[in-house]
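The values are calculated or read from the model by the stated rules, or taken from the named source; none is laboratory data. None of these values were measured; they are calculated from a predicted model. Cβ coordinates were reconstructed from backbone atoms using ideal geometry, including for glycine residues, and neighbour counts include every protein chain displayed. Just the protein is used for accessible areas: all its heavy atoms, side chains included, with ligands, DNA and RNA removed. Shrake-Rupley method; radii C 1.70, N 1.55, O 1.52, S 1.80 Å.
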Amino acid sequence: MPLYVSDYLSATEHLGALESGAYIHLIMHYWQKGSLPSEDRLLARIARMTDKEFARTKPVLREFFVDEWRHKRIDLEIEK
């Protein structure tokens, strides 16, 4: 999975360490599997969070995805 450090840092500068770690785990899973599940419990496990942590941070993490947890940038990279 290519990681464009300057893009990642500029897009995530408002995240705390927990949110940033969760986001990177979500996109790594997405890269490997081509998608994410829609169930919060599974998303929390992928993000390495408790259900409570995920519920609290879900609105922030959701901003990086469209529709049913689709990620435009990764979809473009997978197409390449």
Cβ charges +1 (Lys, Arg) and -1 (Asp, Glu), total dipole of the stretch 6-49, debye: 260
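What is the local net charge at MET49, summed over the other residues whose Cβ is closer than 11 Å to its Cβ (Lys, Arg +1; Asp, Glu -1)? Could the numbers behind the result be given before it?
Values: positive: ARG41, ARG45, ARG48, LYS52, ARG56, LYS58; negative: GLU19, ASP40, ASP51, GLU53.
Within the 11 Å Cβ shell, the charges total +2.
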Largest to smallest accessible area among GLU13, GLU19 [probe 1.4 Å]: GLU13, GLU19
Net dipole in debye of the chain [+1 Lys, Arg Cβ; -1 Asp, Glu Cβ; about Cα centre; nearest 20]: 200
Backbone HN-Hα couplings from phi across the stretch 11-28 [Karplus 6.51/-1.76/1.60, Hz, Gly and Pro as x]: 7, 10, 4, 8, 8, x, 4, 4, 5, 5, x, 5, 4, 5, 5, 5, 6, 5
Which of VAL5, HIS29, MET49, positive extreme of dipole for the chain (C-beta unit charges): MET49
Furthest towards positive pole of dipole, SER38, ILE78, LEU15, structure part the chain, Cβ charges: SER38
Ranking by accessible area, most exposed first, for MET49, MET1 with a 1.4 Å probe: MET1, MET49
Integer Hz, Karplus 6.51/-1.76/1.60 couplings in order for the stretch 41-46, x for Gly and Pro: 4, 5, 4, 4, 5, 4
With DNA, RNA and ligands ignored, accessible area of LEU15 (1.4 Å probe; Å², nearest 10): 20
Extension gain from SER38 to TYR8, taking 0.36 nm per residue of separation minus the Cα-Cα distance: 8.5 nm
Accessible surface, per residue, of the chain when the full set of protein chains is kept, probe 1.4 Å, Å²: 66
The chain - Debye-derived log10 I(q)/I(0), Cα point model, q = 0.16 Å⁻¹: -0.55
Potential extension, PHE64-ALA17 segment - 0.36 nm per residue separation minus Cα distance: 15.3 nm
